[in-house]
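Structure, as structure tokens:
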Amino acid sequence: DAGFTVERQGDVSSGINAEYGGEHKMGFNINVEVKTTRELKVAGALGPCFSLQRKTPNVSDTEIGIGGTNAWQLCSADPTTTLAVFFEVSSQQGQPPAGGRGAVQFISQYQHINGTKRIRVTTLARHWADPIANIQHVAAGFDQEVSAALMARIAVNRNETDNDGPDVLRWLDRMLIRLCQKFGDFQKEDANSFKFPDNFTLYPQFMFHLRRSMFLQVFNNSPDETAYYRHKLMKEDVSNSMIMIQPYLYSYSFSGPPEPVLLDSVSIVPDRILLMDTFFHIVIYHGDTIAKWIEKKYHEDPNHENFRQLLQAPIDDAQEILATRFPMPRYVNCIHGDSQSRFLFAKVNPSQTHNTMYGYTQEGAGASVLTEDVSLQVFMEHLKKLAVANTS
């Protein structure tokens, strides 16, 4: 709690974003060294790197990821390559010093694609905050998206080193409960009183989707697929990592322009087209009513030009993503009841399942998901009960 974590988002490759005259925006043979003020020690790094075995005085005995060093090497980097570096406070009792600032310096050396050697130095400093007396200052600096991306990397690393999936899930749950107890506002034994600061509200939702993701749930994936998914998570920046953890879902209808909707089974309605971006897959799903109109070939009728445009809109948006993302995602175009629709149903929050039967009894209530997984609502209820429990 007393330390702070920095993700090197873009810094490894930020010097590679300059004008390249049509050449690839890449750097090679990259060495990254981290220097700190005496109050901080480097615990380790997670990313597409390996250790250079430099045991300096600012290296912590506690290792997170690739530790025991303050320098790492990357074979190559592009504009989305990131390296997550973790620190711990080295002062007595793990408490930050009173006043002052802690500083971290990243020294990146790499070979430009034209053969020249370049060096980039990035220095940042942050004020110290007492995690007990000034907890509100610590909370104000919390970035829930970066934190979710970092926790995902740590969870994947623990899964690969400990080789115990259920234990990693329990560890994630414990860390989330501790966070709720530390920063939540609640009355003891009253789950209804629990409130999170505004910049924490989405974090439990991210952890819910991370627990269900292919990074930790390897069933139905080959070892090669799992290794590939985890490698990309360890490499990509926060924006792409969040798409992997909690995919984006957009809805297309006659009522207005495309709009983002909840990644929830209630968003799967008959008269909508959905576009889901999981980073690895681009899925276009046509609701039951839309599928029936396609079967009747309404989109080929000049009198239904608006329907043809509605069908074309998600395809155009999907093509734009496919053209700009590397590696290119798998493209899935499916209709209601199609076997390919499983790509969508496996990702949405199962707020309605075959056990509730709610989706079968009310028109426009969304689709029912055939799963035994708990929904986000049930997950949050149990989380609040555990957070407010009167335990030491």
- Which of (1) modelled with pLDDT of 95 or more; (2) surrounded by fewer than 17 Cβ atoms within 10 Å (Cβ to Cβ); (3) under 23 Å from V266 (Cα atoms) does E363 not meet, given it meets every other one? (1)
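State the number of residues belonging to region 147-164 that are open to solvent by 20 Å² or more (accessible area, probe 1.4 Å) and out of contact with any strand residue (DSSP E or B) (no Cβ under 9 Å at 6 or more places or on another chain).
So the first thing to find is which residues in region 147-164 are open to solvent by 20 Å² or more (accessible area, probe 1.4 Å), and the list is 147, 151, 154, 157-158, 160-164.
Filter again for out of contact with any strand residue (DSSP E or B) (no Cβ under 9 Å at 6 or more places or on another chain), leaving 151, 158, 160-164.
Here the count works out to 7.
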- Query: When residues of region 51-72 are filtered for being touching a Leu at 6+ places or on another chain (Cβ under 8 Å) and outside any loop (DSSP other than H, G, I, E, B), how many remain?
  - Reply: 3
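Given L52, L150, which one is under 25 Å from the mean Cα position of the chain (by Cα), closer than 23 Å to N31 by Cα and at pLDDT 95 or above? Talk me through it step by step, then tell me what you get.
Values: L52 fails: under 25 Å from the mean Cα position of the chain (by Cα).
Only one candidate passes the filter, namely L150.
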- Unmet requirement for Y331, which otherwise passes all of (1) in a helix (DSSP H, G or I); (2) in contact (Cβ under 8 Å) with a residue 24 or more places away in the chain; (3) open to solvent by 30 Å² or more (accessible area, probe 1.4 Å): (1)
- Message: Taking the condition of being touching a Gly at 6+ places or on another chain (Cβ under 9 Å), over 15 Å from T289 (Cα atoms) and open to solvent by 30 Å² or more (accessible area, probe 1.4 Å), how many residues in region 244-278 meet it?
- Response: 1
- In the list R170, R174, R178, which residue meets the criterion of being over 17 Å from V388 (Cα atoms), in a helix (DSSP H, G or I) and open to solvent by 40 Å² or more (accessible area, probe 1.4 Å)? R170
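Does A389 count as of a type in the set (A, V, I, L, M, F, W, C), touching a residue at least 12 places away in the same chain (Cβ under 8 Å), touching a helix residue (DSSP H, G or I) at 6+ places or on another chain (Cβ under 6 Å) and open to solvent by less than 70 Å² (accessible area, probe 1.4 Å)? If you could, list the steps in order and put the result at the bottom.
On the way: of a type in the set (A, V, I, L, M, F, W, C): yes; touching a residue at least 12 places away in the same chain (Cβ under 8 Å): yes; touching a helix residue (DSSP H, G or I) at 6+ places or on another chain (Cβ under 6 Å): no; open to solvent by less than 70 Å² (accessible area, probe 1.4 Å): yes.
Spelling it out, it is not the case that A389 is of a type in the set (A, V, I, L, M, F, W, C), touching a residue at least 12 places away in the same chain (Cβ under 8 Å), touching a helix residue (DSSP H, G or I) at 6+ places or on another chain (Cβ under 6 Å) and open to solvent by less than 70 Å² (accessible area, probe 1.4 Å).
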- Determine which single condition W293 fails, assuming it passes every other condition in (1) in a helix (DSSP H, G or I); (2) over 25 Å from the mean Cα position of the chain (by Cα); (3) surrounded by 20 or more Cβ atoms within 10 Å (Cβ to Cβ). (3)
- Of all residues in region 124-135 being open to solvent by less than 90 Å² (accessible area, probe 1.4 Å) and in contact with a strand residue (DSSP E or B) (Cβ under 7 Å, 6 or more places away or on another chain), which is farthest from R101 (Cα to Cα)? L124
- Message: Go through (1) touching a residue at least 40 places away in the same chain (Cβ under 8 Å); (2) open to solvent by 30 Å² or more (accessible area, probe 1.4 Å) for D185 and report which single condition fails.
- Response: (1)
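Here are some residues: L233, L322. Which one is modelled with pLDDT of 95 or more, surrounded by fewer than 16 Cβ atoms within 10 Å (Cβ to Cβ) and in a helix (DSSP H, G or I)?
Details: L233 fails: surrounded by fewer than 16 Cβ atoms within 10 Å (Cβ to Cβ).
Result of the check over L233, L322: L322.
Can you tell which of V6, V85, V42, V34 is at pLDDT below 95 and outside any loop (DSSP other than H, G, I, E, B)? Spell out how you get there, then give the answer.
On the way: V85 fails: at pLDDT below 95; V42 fails: at pLDDT below 95; V34 fails: at pLDDT below 95.
After ruling out the rest, the residue left standing is V6.
The values are calculated or read from the model by the stated rules, or taken from the named source; none is laboratory data. From a predicted model like this one, the values you see are computed outputs, not experimental measurements. Reconstructed Cβ throughout: ideal geometry from the backbone, glycine too, with neighbour counts over all protein chains shown. All accessible areas refer to the heavy atoms of the entire protein, side chains included, with ligands and DNA or RNA removed. Shrake-Rupley method; radii C 1.70, N 1.55, O 1.52, S 1.80 Å.
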